[in-house]
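A short write-up of the structure that comes next.
A short reminder: the numbers here are calculations on the coordinates, not readings from a lab. The shown structure was predicted, so the numbers you read here are calculated from the model rather than taken from an experiment. Here Cβ is always computed from backbone atoms with ideal geometry, including for glycine, and neighbour counts include all displayed protein chains.
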Amino acid sequence: MNMEAVLPLSQMTIAEKLRAMESLWADLSRDETQFESPAWHADVLHDREARIKSGKETYMDWETAKKQLRDKLK
């Protein structure tokens, strides 16, 4: 079944596009057993963890990041 979804991207605001992306991600991540991370992904995660432990990087949780993006785009 080929079901093409067409969104009016050129007419959507950034906030609307981000909400659409969140909806897509929520649907895709509903069953993580369907996806296999690529081998390089573990290397990137280990590198980031090492940079955080060494103090070279910081991070914030996803909910805080989304709130900051939404507030910035208002």
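Here are the numbers for the structure shown:
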| read-out | value |
| --- | --- |
| Cβ-based net charge around Leu69, under 12 Å, with every Lys or Arg adding one and every Asp or Glu removing one | +4 |
| Ratio of the Cα radius of gyration of the chain to 2.2 N^0.38 Å, where N counts its residues | 1.48 |
| Net +/- balance of residues flanking Gly55 in space, Cβ distance below 14 Å, scoring K and R +1, D and E -1 | +2 |
| FRET E, pair Thr13, Asp47, Förster distance 35 Å, beta-carbon r, rounded to 0.05 | 0.50 |
